[in-house]
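Down below is the structure, laid out as structure tokens.
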């Protein structure tokens, strides 16, 4: 199974994103690549998300998604309710899903976002961060 898809799928995904949010989406993807070089990426155009995991199955193998909104980008976590969030940045009330509203490319590498991604990746790989 190929893990890292061609950049083209993500580039096409960005075509439908507000130009002001593209840098945030690209910065988030860059951080995911840095933290998890063996990532699997699936772009769901109809859902408007790019999703990341250890395999292609969204709910059982993916840990996070990039979901552009009107004025910010959600960095969503499929098992976010189980993540430790000492910075209090996770939002949502669902059984599992949580998200962080990312409003600028400069906030992508915040300690809170990096910690959450590391923990989510570790959980999917069967270990705790």
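The convex hull of the Cα atoms of the chain, projected and averaged over all directions, covers 7.4 nm².
As a length-normalised measure over Cα pairs under 8 Å and 6 or more apart, the relative contact order of the chain settles at 21 percent.
Summarising the label geometry, the points placed 7 Å from Cα in the beta-carbon direction at residue 35 and residue 20 lie 2.6 nm from one another.
The numbers here are math on the coordinates, done by the rules we state, and not lab data. Because the structure is a prediction, the values reported are computed rather than measured. Don't worry about glycine lacking a Cβ; one is built from the backbone with ideal geometry, like all the others, and counts go over all protein chains shown.
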